[in-house]
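The values are calculated or read from the model by the stated rules, or taken from the named source; none is laboratory data. Keep in mind that this is a model prediction, so the values were computed, not measured. All Cβ positions, even for glycine, are placed from backbone atoms using ideal geometry, and neighbour counts span all protein chains on display.
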Amino acid sequence: MSDLSVEAEAVEVSIRGLTKIFGEGEGAVTAISDADLILQRGEFLSLLGPSGCGKTTLLRIVAGLEFPTEGSVDVRGKSVWNRHKRSKAATKPISMMFQEARLFPWFTVAQNVALPLRVAGMPKAQRIERAHEICETVGLAGFENHRPAQLSGGMRQRASLARALVTDPQVLLLDEPFGALDAMTRDALNMELMQVCARADVTTILVTHSIAEAAFLSDRVVVLAPRPARITGVEAIPFPRPRSLDLQRQTEFQDMVAHLRTALVGGAE
Amino acid sequence: MNNSSFWRIALPILSVSSFLLFWSWYVHTSDVSAFVLPAPETILKALSEMIFDPKLWHHAKITLTEAVSGFVIAVSLGISLGFIMARVPAVEWAMKPFIVLLQLVPKIALAPLFILWFGFGLESKIVIAAALAFFPVFSNALVAFKSVDNGDRDVMTMLQATPLQRLILLDLPTALPVVLTGMEVSVVMAMIGAIVGEFIGGSEGLGYLAVAYLQELAVPELFGVIVVLTLMGLLLYTLIGRLRAWFAPWHASAEKA
Ligand SMILES: Nc1ncnc2c1ncn2[C@@H]1O[C@H](COP(=O)(O)OP(=O)(O)O)[C@@H](O)[C@H]1O
Ligand SMILES: [Mg+2]
């Protein structure tokens, strides 16, 4: 049917039968078992679960940093893994932001942000200009010539976000990016993240263990449980966009948080 | 200038001048022979004559050439081999026995052998200097390249960086501060290598000049050569410190320089 083909075209990331086992024999750890997920273009999806349930592993397999024991990951129709070899073509549209800012201390903020463009071969004047633009977008204006060591934790994560966005990625992978920050900085950065993602039709997978964060940012929340690590539920978050921080004070939102908490606890049992 | 920065300058001047005064007083009041220990002012007088003698500068140039050439060879080889061994475990396994053995051999003991192989000219001294200067750079480079963070490598992987881009943008900057520390030790070792080479087989250089003065029992001049050698070592060491401030200003170690 024509309907189906339109839908297939809008599929950005598809994860099928994904299993990852670390080690062998007695000491083997199943980090993720038989996970299936389809992400539509522009969708914001969160992976929610207690630590040790394989969230990071799942994200790293999608990013092409860890090979799967079984199953497949396709990004825009291209397979990320060909046997145990990472596909450059499939991972090209992906940007990843890690739990730590991972800025290089020998570069200034602008040089760090421009690094992806430098690696891609963009001329210096052009990439520094682009870095300054994106610094402005994420609230780093005036800090371009600072060194990472001179920045606060929140500012470093902003720079890290800027570096992830500078290439205009189509798929954005975020592994607890604001997990180490205080609640206020975190709220501010989440708002910025949501605005950036809304503007740039980007497909996002966010790993978090904050239920409120998942409910606030996402179109869908995937609930995972440990031992054995697996997906136990997928919840749609129907709140209309654009969303503001006010949403968090409304009863529908709090009901949703309660619902997700039940799903988390239920999944763990 | 506050109180503590005043003392930071005053105290070393005070301690050094008291030491020199005591030295001078000791030589003049005790019956120690002037051949064994000349007074500091005697050394200074000899030195002030030597520095107007082109002979000294000729020999100094020779020693500096040997030490710097040996140092440059040691640094290039040490960094390259350190990098290759850190990245290709098979090379490390294959080379391990040689590295351990060479590390255990007192390198100075190889000096006569190098004179035999490379002759009495500059080449043998350069080789001895390089042999002594190699290990501090190499072992620091090996550790430094191995210590590149896996998370940082993941960043470069996500950017589809080529091996050369990884080397220039990640590995070298990561390793540089530790390699520079090795270079500080190396540059002193290169000086020792060049001088020892000149001691045992040469007709030029400050090491040769020291031996010649010893044979003439020109002890103040011998001390003069030692002073020049010390200043040369200080110059090279300071230069590495400057390199650190230029190339690794982000690193805490740069602030000491
Ligand atoms: N490189 C690895 N080697 C061995 N075990 C690992 C490795 N990475 C993760 N694991 C294990 O896999 C499980 C899931 O880890 P992870 O994906 O980091 O969970 P999460 O991000 O949800 O906290 C954990 O039990 C962890 O110990
Ligand atoms: Mg994790």
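The figures follow:
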item: In the stretch A:234-253, the residues that are within 19 Å of A:Leu58 (Cα to Cα) and crowded, with 16+ Cβ neighbours inside 10 Å; result: A:Glu235
item: Any chance B:Leu142 is away from chain A (no Cβ under 14 Å) and either within 30 Å of A:Ser160 (Cα to Cα) or touching a residue at least 40 places away in the same chain (Cβ under 8 Å) (or both); result: yes
item: Qualifying residue in the stretch B:199-206 (condition: within 14 Å of chain A (Cβ to nearest Cβ), part of a helix (DSSP H, G or I) and in contact (Cβ under 8 Å) with a residue 12 or more places away in the chain); result: no
item: The stretch B:50-89: number of residues that are basic (Lys, Arg) and closer than 15 Å to B:Leu229 by Cα; result: 2
item: Helices (runs of 4 or more DSSP H) within the stretch A:36-135 that include 3 or more residues within 14 Å of chain B (Cβ to nearest Cβ) and touching a residue at least 60 places away in the same chain (Cβ under 8 Å); result: A:55-63
item: Residues satisfying the stated conditions in the stretch A:176-212, i.e. within 15 Å of ligand 1 (Cβ to nearest atom), not hydroxyl-bearing (Ser, Thr, Tyr) and not in a loop (DSSP other than H, G, I, E, B); result: A:Ile205, A:Leu206, A:Val207, A:Ile211
item: Residue, farthest from the other protein chains (Cβ to nearest Cβ), within the stretch A:213-225, restricted to residues that are touching a helix residue (DSSP H, G or I) at 6+ places or on another chain (Cβ under 9 Å) and away from ligand 1 (no atom under 16 Å from the Cβ); result: A:Ala215
item: Subset of the stretch A:54-64 that is farther than 27 Å from A:Phe239 by Cα and near ligand 1 (Cβ under 6 Å from one of its atoms) - its residue that is nearest to the chain's Cα centre (by Cα); result: A:Thr57
item: Count of residues meeting criterion [away from ligand 2 (no atom under 16 Å from the Cβ) and in contact with a Lys or Arg (Cβ under 7 Å, 6 or more places away or on another chain)] in the stretch A:49-79; result: 5
item: One residue from A:Met155, A:Met184 being away from every other protein chain (no Cβ under 14 Å), farther than 22 Å from A:Gly42 by Cα and without any contact (Cβ under 8 Å) to a residue 12 or more places away in the chain; result: A:Met184
item: Residue match in the stretch A:228-237 (condition: under 23 Å from A:Ala162 (Cα atoms), more than 16 Å from ligand 2 (Cβ to nearest atom) and away from chain B (no Cβ under 14 Å)); result: no
item: Which listed residue, of A:Phe178, A:Phe216, is more than 13 Å from the chain's Cα centre (by Cα) and aromatic (Phe, Trp, Tyr); result: A:Phe216
item: Scope the stretch A:30-44; condition within 16 Å of ligand 2 (Cβ to nearest atom) and either at pLDDT 95 or above or farther than 17 Å from A:Asp175 by Cα (or both); matching residues; result: A:Thr30, A:Ala35
item: Candidate set: the stretch B:145-155, residues that are of a type in the set (A, V, I, L, M, F, W, C) and farther than 18 Å from A:Pro177 by Cα; chosen: the one nearest to the other protein chains (Cβ to nearest Cβ); result: B:Val148
item: Test result for B:Gly121, of a type in the set (Gly, Ala, Ser) and either within 21 Å of B:Thr65 (Cβ to Cβ) or within 11 Å of chain A (Cβ to nearest Cβ) (or both); result: yes
item: Pairs where the first residue, in the stretch B:238-251, is within 8 Å of chain A (Cβ to nearest Cβ) and the second is among the aliphatic types (A, V, I, L, M) and surrounded by 14 or more Cβ atoms within 10 Å (Cβ to Cβ), C-beta under 7 Å, 6+ apart; result: B:Ala248/B:Leu176; B:Ala248/B:Leu180; B:Ala248/B:Ala254
item: Single match in A:Val202, A:Val207 (criterion: within 16 Å of ligand 2 (Cβ to nearest atom) and under 17 Å from the mean Cα position of the chain (by Cα)); result: A:Val207
